[in-house]
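I have placed the structure first, in the form of structure tokens, so that the comments after it can refer back to it.
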Amino acid sequence: MAAILSPDLKSRMRAQDLKALIENSGVDAVEMDFHGVKFATRSFIDEFYNLFLKTPGTNAFSVELVNVPADIKAMLDAVSRTQVRANVIPSQSQEVSFKSVKEFLNYFTP
């Protein structure tokens, strides 16, 4: 990772560049070695997680992570816990608007 991207992984675009590089290489398995990586932003880790780890089997290649520093592992774990699907509002839901705060409060008060 450090040799190909940088010791400092700072942007979502770098994760996208990495995916494009791997896809264009035609390999079916990738060992992502974090040796030498000193820093990664939350945005890089979020994009990296979404592109490579979120849904195993969706890429044309398998991924194995090695030499992941403790702080980056902790961030990957945190990102994985925050990945939830948004709740879809059913089409039969009704939109309600209010002309004042008092009207809003009265709506929720029995």
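Observations, loosely collected:
- Only DSSP H runs of four or more residues enter the estimate; each adds -39500 (n - 2.57), and after division by the residues of the chain the mean residue ellipticity at 222 nm equals -11500 deg cm²/dmol.
- Probe 1.4 Å, protein heavy atoms only - accessible area per residue of the chain in square angstrom: 72 Å²
- If you wrap the Cα atoms of the chain in a convex hull and average its projected area over all directions, you get 11.3 nm².
- In this simple spin-label approximation, Arg12 and Tyr107 carry label points 7 Å from Cα along the Cα→Cβ vector, and these lie 3.1 nm apart.
- Accessible-area composition of the range 1-46, carbon plus sulfur, in percent [1.4 Å probe]: 52 percent
- Count of lysine pairs in the chain with Cα separation under 20 Å (8 or more residues apart, or interchain): 8
The values are calculated or read from the model by the stated rules, or taken from the named source; none is laboratory data. Everything numeric here is computed off the predicted structure, so don't read it as measured data. Heads up, the Cβs are rebuilt from the backbone with ideal geometry, glycines too, and the neighbour counts pull from every protein chain shown. Calculation scope for accessible area: heavy atoms of the full protein, side chains included, ligands and nucleic acids excluded. Shrake-Rupley method; radii C 1.70, N 1.55, O 1.52, S 1.80 Å.
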